[in-house]
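Everything on this sheet refers to the single structure shown next.
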Amino acid sequence: MLEWETLGIALSLILILLSWFFGVSPALPETESQGNRSPSWDSLRGLAMIGIVCIHIHSYFTYFIRESSSITQATLFLANLSRFSVPIFILSSGLFLKKKEGYWKTKVNSILIPYILASLIAYFLKSKVFSGLELFQLTLLGKVFTPYYFIPLLLQFHLIFFLLPGKFIESKFLVSLLPISGFIQLASNIGHLDFLLPSVYRSISIFNFIFFFHFGLIARSQFKNLNLGQSYASVITVMILVFCLLPISVFGIELKNHHIAYPVLFSGFLLKGMSKFSSISWLHSSLGFIGRQSMFIFLIHPFVIHTMHAWHPLYAGSFFLSYTTTLFLNIFIPLVPVLLWEWQKNN
């Protein structure tokens, strides 16, 4: 794990050198908003949700196909490329959370209740013998479906935000603590904190993602209305990132969701791109819609991919057709109830 964190640090240094060479300053792009939402961030969350599905599709393919094949190398590359996805949701939580009346009511209605219902249904579909204690433990730790770890993790950050004093969140002192949270996450990533944590908690440990949440908290007040600078610097940076991911994927190395540097660098490039292709209205609005419904997709998509394990991933014949069809189904099927509701409401 340490060598890939080292690679990320090296990539960050490359970005700093590029920024110095081109005379630009790397920073978060604008957090423009319409009401309580940011169109660019909604689009980025939509892309991140697609990325999460790509990560799970790789597991689906490797379940049937040997990992050293060119097919699984391709799915692994797409999965590694998508490793910015979970950090984006954590970072945007820190960026857009607000303390207001009904804070917990909103979280319970929009996250906790749907999650409990989805976990309950999944448990009865997967388990042959019912155990209330087992159901409670699996739900608490987000293990009814493997991707569900994200919900307990997210709710912990929502609790931290709720407990932090408002003045502390908005203070510049928070910036000075960022290296500490980065060090804590790095130590957690390479396993140096394992002896402090119960083994059952490690999969939902906030220390694996604390830097991203902290970065989001800082961005809400410190980095507004800044951009990444010239497009060519961003393009060169992402080319370097992709070039590094290709050999990693060919050798079968699977990156993790909580590597520090890659998600920040690649997410910055994507946000830069979001503002550029906003003129492509259908793409911008489609990604934005997926982003706004990401929680709904996240909870239902595991049912779809789990069901698809009943048949071989190359069911459509060619790899490209099978992969794109699988991706489409895992995004579209969870959206069907939402689309039907929107259609009924507008008619």
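The values are calculated or read from the model by the stated rules, or taken from the named source; none is laboratory data. In this text, all values refer to a predicted model and were calculated from it rather than measured experimentally. Cβ coordinates were reconstructed from backbone atoms using ideal geometry, including for glycine residues, and neighbour counts include every protein chain displayed. Just the protein is used for accessible areas: all its heavy atoms, side chains included, with ligands, DNA and RNA removed. Shrake-Rupley method; radii C 1.70, N 1.55, O 1.52, S 1.80 Å.
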For region 191-210 the number of residues that are free of Cβ contacts under 8 Å to residues at least 40 places away in the same chain, in a helix (DSSP H, G or I), more than 14 Å from Pro87 (Cα to Cα) and open to solvent by less than 60 Å² (accessible area, probe 1.4 Å) is 1
Is region 315-324 home to any residue that is within 11 Å of Tyr60 (Cβ to Cβ), surrounded by 18 or more Cβ atoms within 10 Å (Cβ to Cβ), under 19 Å from the mean Cα position of the chain (by Cα) and in contact (Cβ under 8 Å) with a residue 12 or more places away in the chain? no
Show the residue pairs that are 6+ apart or on different chains and have beta-carbon atoms under 9 Å apart, the first residue being within region 55-75 and farther than 17 Å from Leu327 by Cβ, the second being open to solvent by 20 Å² or more (accessible area, probe 1.4 Å) and part of a loop (DSSP other than H, G, I, E, B). Glu67/Gly252; Ser68/Gly252; Gln73/Glu67; Gln73/Phe251; Gln73/Gly252
Residue that is nearest to the chain's Cα centre (by Cα), among those in region 163-190 that are open to solvent by less than 30 Å² (accessible area, probe 1.4 Å), of a type in the set (S, T, N, Q) and modelled with pLDDT of 85 or more: Gln185
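Answer with yes or no whether Phe130 is under 20 Å from the mean Cα position of the chain (by Cα) and either outside any helix (DSSP H, G or I) or not β-branched (Val, Ile, Thr) (or both).
On the way: under 20 Å from the mean Cα position of the chain (by Cα): no; either outside any helix (DSSP H, G or I) or not β-branched (Val, Ile, Thr) (or both): yes.
So Phe130 fails the test.
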Would a scan of region 77-84 turn up a residue that is at pLDDT below 90, within 30 Å of Glu170 (Cα to Cα), in a helix (DSSP H, G or I) and open to solvent by less than 20 Å² (accessible area, probe 1.4 Å)? no
Please enumerate the residues belonging to region 85-110 that are surrounded by fewer than 17 Cβ atoms within 10 Å (Cβ to Cβ), small (Gly, Ala, Ser) and in contact (Cβ under 8 Å) with a residue 12 or more places away in the chain. Ser110
Residues of region 160-190 being closer than 15 Å to Ile260 by Cβ and assigned to a helix (DSSP H, G or I), in sequence order, are Leu178, Pro179, Ile180, Ser181, Gly182, Phe183, Ile184, Gln185, Leu186, Ala187, Ser188, Asn189
If only one of Phe328, Phe243 is modelled with pLDDT of 95 or more and open to solvent by 50 Å² or more (accessible area, probe 1.4 Å), which one is it? Phe328
Does region 16-31 contain any residue that is at positive phi and at pLDDT below 85? yes
Quick test of your reading of the structure: Ser286 fulfils all but one of (1) surrounded by 22 or more Cβ atoms within 10 Å (Cβ to Cβ); (2) modelled with pLDDT of 80 or more. Name the failing condition by number. (1)
Please work out which one of (1) surrounded by 13 or more Cβ atoms within 10 Å (Cβ to Cβ); (2) outside any helix (DSSP H, G or I); (3) of a type outside the set (A, V, I, L, M, F, W, C); (4) free of Cβ contacts under 8 Å to residues at least 40 places away in the same chain is the condition Tyr123 fails and give its number. (2)
